[in-house]
Structure formats: structure tokens, C-alpha cells
Amino acid sequence: MVTKTEDNQLNRLENQVDNGGGEAWEYLCLVRKLKLRRSEKVLRHGLSILNDPKKRSSLGPDEWTLYEQVVVAAMDCQHLDVAKDCIKVLQKRFPESKRVGRLEAMLLEAKGLWDEAEKAYTSFLEDNPVDQIIHKRRVAMAKAQGNISGAIERLNKYLEIFMADHDAWRELAELYVSLQMYKQAAFCYEELIISQPTLPLFHLAYADVLYTLGGLENLQTAKKYYASTIDLTGGKNTRALFGICLCTSAISQLTKGKSKEDKDKSQVQSLAVKVLEKDYKQRAPDKLPQVTTALKGLTLSS
Amino acid sequence: MGLGFAIGVFGVLILFHAAYATIQYRGLLKITEEEFSGPPMNVVAELLLGLFFCMWAALAVPGKFLSIHPDSEENRIVSLPANLDFMIFNHRGKVFPGQMDLKLRH
């Protein structure tokens with residue numbers, strides 16, 4: 001989870017590090033803590049630390065964590081020779097380590113040697129059949145080969161055993177969305193909302209899926225979840241505000257003629273419009289006229 | 001921090017003084033052979049003052065209060081972590097090789 005304060009801190013550090021202002025290690029720690037994918041920057045700044053013997057030895061045991069971080073970043077940037085060199089160093093330090101073995105298998109994956117990687121992972125699973133990360137890597141491998149339905153099958157099998165793994169639920173939801181299987185995706189997002197009810201982004205994603213599904217009932221539920229997103233973010237999520245407006249106009253188009261609860265609906269919408277206009281006026285004044293006309297079109301059609 | 005701590009020390013001193021005054025008062029009662037019905041007014045006032053100061057110090061010294069509102073800046077979640085366990089390397093970055101001079105030197 002990345003909160004607003006952490007986001008600001010990250011941006012500040014990123015700027016500072018990119019302009020050569022030092023604190024590269026702090027930046028790398030923050031990226032690792034927040035689990036972000038900044039492979040190019042991690043590779044550049046991580047390598048510059050690793051290539052400097054003085055800086056490297058001052059890290060102490062954290063040096064090896066940095067090696068691991070750089071290996072993954074290097075594979076992500078297709079600098080396979082760098083990854084290979086780093087793995088060699090790690091192997092020398094930790095012979096027969098499972099964690100290093102996993103990195104090697106990932107290197108096979110990055111090279112595109114799927115069969116060999118699969119073989120390596122299967123042998124890991126024989127040693128320890130409940131290794132969650134290996135199971136997840138196998139899912140990712142199926143995804144990387146373009147076999148999305150196979151990935152879904154594997155992930156479903158995995159989730160039967162490890163039901164509390166919300167990262168896996170999220171991945172499954174995203175896979176379903178990519179295949180336009182919205183009903184199944186909605187189920188996954190329900191599961192995620194139950195496990196982390198205070199996370200507004202899952203409410204938002206669930207509402208998006210329901211809105212895409214369409215139909216009066218789904219639209220009404222979607223609107224409620226957009227509203228709960230607004231509640232949890234204090235009205236600072238622009239997407240949820242737009243979602244409320246779109247849902248209201250879609251609902252009123254469906255219920256044209258039987259206008260019973262129109263008053264209540266238009267109030268929520270007009271409040272959302274007001275907040276949106278205020279937000280745009282503050283942050284992007286040159287786009288305000290476009291937004292105003294678009295929103296006006298929505299209210300008129302409803 | 002310094003001010004809060006000083007106030008706390010002052011509050012504890014006042015409490016000690018209240019205890020001392022009470023003991024003295026009971027000694028005086030024994031001499032005049034009267035019944036003890038309650039502490040005198042100045043001790044009660046000291047106790048209230050001491051309580052207030054100690055409470056102030058307890059709230060101010062240990063540290064800052066953190067927000068518990070889900071929509072405050074510290075708690076408001078703006079993005080989810082990248083799902084790194086499911087990271088794949090078979091993406092469009094493959095076609096765009098980055099800097100070529102990167103190398104691990106030992």
C-alpha cells in the first residue's frame with residue numbers, strides 16, 4: 001500500500017537521486033518497502049552502489065539484499081549478463097540456497113527457456129510443495145507465454161490451497177478482466193474487499209467492473225461502491241467522482257419515465273460535479289471548459 | 001518536548017507536596033484530637049493541579065499523535081504495490097534495450 005505521504009517522499013527521493021543528490025540507498029530501500037517496479041532506476045543506482053567497494057562494504061549484510069534486488073531489476077530490463085554476474089556472486093556467498101536457485105530459474109525465464117525453467121520449478125516443488133512464491137512464478141510463466149487461461153487454471157488451483165493470499169486474488173481479478181470475464185473478476189474483487197475493507201482502490205475496481213457489466217442492478221451497486229470510494233478517500237479520487245456521474249446518467253437513462261428517486265440521485269451527482277470542477281480549477285485550469293461541457297452533457301442526458 | 005517534560009516534573013512535585021501536606025495535617029489533627037473528615041482545600045487544589053499537569057505531560061511527551069482517518073494524507077492510499085510475485089519479463093521492454101554500458105565490476 002502506498003499512502004499519499006509515502007508517495008510524496010518517493011517522488012522527492014527519486015528527483016534527488018536522478019539529479020545525483022545522493023541517498024541512493026534510501027531510495028532503493030523505499031522502493032523495496034513499497035514493492036514498486038522501478039527496474040531501470042533500481043538497476044542504475046543499485047549497480048553504482050555495487051560497483052563502489054567502499055559504499056558496498058558500508059551496507060553490511062544488506063549488501064546481499066541489494067544484489068537480489070538488482071538481479072530482478074536487471075532481468076526486467078533485459079540486462080541478462082548483469083543478472084548472471086550478480087547471481088554468480090550470490091552463489092559464491094550462499095551455495096545451495098533455495099533463494100538463489102529461484103533467481104537462477106527466473107533467469108531461465110527471462111531468457112525464454114520455458115521448458116528448463118518449468119523443470120527447475122517442478123524440482124523445487126518436489127522438495128517443498130507449499131512454496132508459495134514458486135507456485136506464483138509458475139502462474140507468471142504461463143502468463144508470460146500468453147497462455148492466460150492456463151495461468152487462470154493454475155491460479156485457481158493455488159487459491160484453493162492459499163485462500164488468504166490477496167495478491168493472488170488481485171492477479172486473478174486482473175487476468176479475468178483482461179479476458180473480459182467480468183462476472184468472475186467481480187467475484188475476485190468481492191473477495192478482496194472482504195479481506196481489506198478499508199482499501200478504497202478495491203472498491204473502485206469493483207465498481208468499475210460492475211459498471212462495465214451494465215444492467216440496472218449492477219449500475220446501482222456500482223454507484224454505491226463509487227460512493228464508498230469517495231468516502232474512504234475524502235473525495236480526492238477523481239476516477240470515483242467521474243464514476244458517480246456516469247453511473248447516475250446511465251441509471252436515469254434506464255429508468256426514464258419511472259422517475260421516482262430522481263431528486264436524491266441528482267443531488268449526489270451535482271455534489272460530485274461541484275467537487276470535480278473545483279479540483280480541475282485548482283490543478284488544471286486549462287482543461288476546465290472541456291470537463292464542464294462533458295459533465296453538462298451527462299446531466300442533460302439524464 | 002522539553003516544556004512538556006518540565007511540566008510533568010512540576011506536576012509530580014506538586015503531588016508529592018500534596019501528600020506531605022496531608023501527612024502534616026493529620027499530625028496536626030492528632031495533636032488537637034479532632035476527627036479526620038477530609039483533606040483541606042489547599043491539598044485538593046494541589047491534587048487537581050498535579051493531575052492536570054501530569055496529564056498534560058503524558059499527552060505531550062511520548063510523541064506526536066497519528067491520524068486514524070482513512071482519508072488523511074498519511075493513511076490515504078493512492079496506489080497499490082506492483083504485484084512483484086507475478087512479474088513477467090516477456091514484455092515490450094525487451095524490444096527497447098536500455099543503456100548498454102551497465103556492467104558489474106569487481
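Brief remarks on what is shown
- Put simply, the C-alpha atoms of region A:110-240 give a gyration tensor, and the ellipsoid matching it has half-axes of 33, 15, 12 Å, longest first.
- Working from Cα pairs under 8 Å separated by at least six residues, relative contact order for chain A is 7 percent.
- As a size descriptor, the averaged projected area of the C-alpha convex hull of region A:1-76 was calculated at 4.9 nm².
- Nearest 10 degrees, 0 to 90: helix A:216-233 Cα axis against chain A principal axis: 60
- Proportion of all alpha-carbon pairs of region A:191-293 beyond 16 Å (%): 58
- Eligible lysines near residue A:54 by straight Cα distance, threshold 18 Å, same-chain separation 8 or greater: B:103
- Using only alpha carbons, the protein assembly as shown has a radius of gyration to Kirkwood radius ratio (Rg to Rh) of 1.15.
- Here the protein assembly as shown is treated with +1 on each Lys and Arg Cβ and -1 on each Asp and Glu Cβ, and its dipole about the Cα centre works out to around 1160 debye.
- The Kirkwood hydrodynamic radius of chain B, based on inverse pair distances between different Cα atoms, is 20.7 Å.
- Whole-Hz Karplus values for region A:128-135 come out as 9, x, 10, 6, 5, 5, 5, 4 Hz, taken residue by residue from phi with 6.51 cos²θ - 1.76 cosθ + 1.60 and θ = phi - 60°; glycine and proline positions read x.
- Shown for region B:2-60 is the translational diffusion coefficient from the Stokes-Einstein equation, using the Kirkwood radius over Cα pairs, a temperature of 25 °C and a viscosity of 0.890 mPa s: 200 µm²/s.
- Here's how it looks for residue B:89: its modeled amide H is under 5 Å from none belonging to a residue 5 or more places away or on a different chain.
- Rg to Rh quotient for region A:7-137, alpha carbon positions, Kirkwood Rh: 1.00
Every number in this text was worked out from the coordinates using simple rules, so none of it is lab data. In this text the structure is predicted, and so the values were computed from the model without any measurement. Using ideal geometry, Cβ is built from the backbone for each residue, glycine included, and neighbour counts are taken over all protein chains shown.
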